[in-house]
Amino acid sequence: MRKLMILIISRIRAAYYQLRYRGRVQLAIPQRRFEGHFDIRVVKNGKIIIGSRNNFRRGCHLITTHNGLIDIGSANFFNYNVSITSLDSVSIGNDCKIANNVVIVDHDHDFRNNNNGYQTAPVTIKNGVWIGANAVITKGVTIGDHAVIAAGAVVVEDVADRTVVGGVPAKEITHF
């Protein structure tokens, strides 16, 4: 009975977001789960595309603005309090596992200009990636297929396919 209720609520939420943002949010059906509080915000011509069979736990935030794009593939898992913010482009492939409290951003403030404006660069997370709890993925990063990001890592450079990285800033631990 609980699974049926979650499915019904997920479909209602998907329909709500699609109607509210009039085509700027595209959600494939079926979604596995939108659990508890789930926040989608689209401001100033941003766009969010979410493939099918994704699982979003409570507290996830997807925010896009200034023509930004968040493009999420299929069969991904987003644990509690994942935050994805885009002013440029954030792309997540298929079959990724993203742990709790992960932050993914494609921009930062332009501190050289009195914090007026932003510096942006696309973020790409390819297929089968695992991202540990409390990790931060910063602007301009590409994470290769089946890479593993250790808990608490701050990723500021590209990560090759099948590589484990960790630390602040994240460095290669091993390649498999």
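Given the rule -39500 (n - 2.57) for each run of at least 4 DSSP H residues, summed and divided by the residues of the chain, what is its mean residue ellipticity at 222 nm, to the nearest 500 deg cm²/dmol?
Calculated at 222 nm, the ellipticity per residue is -3500 deg cm²/dmol.
At a threshold of 8 angstrom on Cα-Cα distance, excluding pairs fewer than six apart, so keeping six or more, what relative contact order does the chain reach in percent? Walk me through the numbers before you get to the answer.
Values: 533 pairs, mean separation 20.6, N = 176.
Reported relative contact order: 12 percent.
Only bridges with both residues in the stretch 116-176 count here: give the DSSP antiparallel percent, nearest 5.
Antiparallel bridges: around 30 percent, rounded to the nearest 5.
Looking at the chain as a GNM with Cα springs under 10 Å, which of Arg53, Arg13, Arg22 has the largest mean-square fluctuation?
Result for the chain, Cα springs under 10 Å: Arg22 fluctuates most.
Around His107, with a cut-off of 14 angstrom between Cβ atoms, what is the net charge of the other residues, counting Lys and Arg +1 and Asp and Glu -1? It would help to have the intermediate numbers written out before the result.
On the way: positive: Lys44, Lys139; negative: Asp88, Asp106, Asp108, Asp110.
Every neighbour counted, the sum reads -2.
Once you've got the GNM for the chain with C-alpha springs shorter than 10 Å, pick whichever of His107, His66, His146 has the biggest mean-square fluctuation.
His66
Just how large is the dipole of the chain about the Cα centre, in debye to the nearest 20, putting +1 at every Lys and Arg Cβ and -1 at every Asp and Glu Cβ?
The dipole of the chain has a size of about 1000 debye.
Could you point to the label whose value was computed as volume of the Cα convex hull per residue in Å³ for the structure here, given (1) 113; (2) 122; (3) 101?
(3)
Which percent, nearest 5, of DSSP beta bridges in the chain are antiparallel?
15
Multiply the residue gap between Asp161 and Asp110 by 0.36 nm, knock off their C-alpha separation, and tell me the result in nm, one decimal place.
15.3 nm
Count the net charge of all other residues whose Cβ sits under 13 Å from the Cβ of Pro169, scoring Lys and Arg as +1 and Asp and Glu as -1. Kindly include the intermediate steps, with their values, before the conclusion.
Working: positive: Lys171; negative: Glu157, Asp158, Glu172.
It works out to a net charge of -2.
What is the sum of charges around Leu62, taking Lys and Arg as +1, Asp and Glu as -1, for the other residues whose C-beta is under 9 Å from the C-beta of Leu62?
0
Hey, if you put +1 on the Cβ of every Lys and Arg and -1 on every Asp and Glu Cβ in the chain, which of Phe56, Val148, Trp130 ends up farthest toward the positive end of that dipole?
So the residue we want is Phe56.
Let me see the P(r) profile for the stretch 37-120: every Cα-Cα distance counted, bins of 5 Å, each bin given as a percent of all pairs.
With a bin width of 5 Å, the distribution comes to 4, 15, 24, 26, 17, 9, 4, 2, 0.
Any read-out appearing in this document is the output of simple, stated calculations on the displayed coordinates, not a laboratory observation. Nothing here was measured: the structure is a model prediction, and the numbers come from that model. Note: ideal-geometry Cβ built from the backbone for every residue, glycine included; neighbour counts use all protein chains shown.
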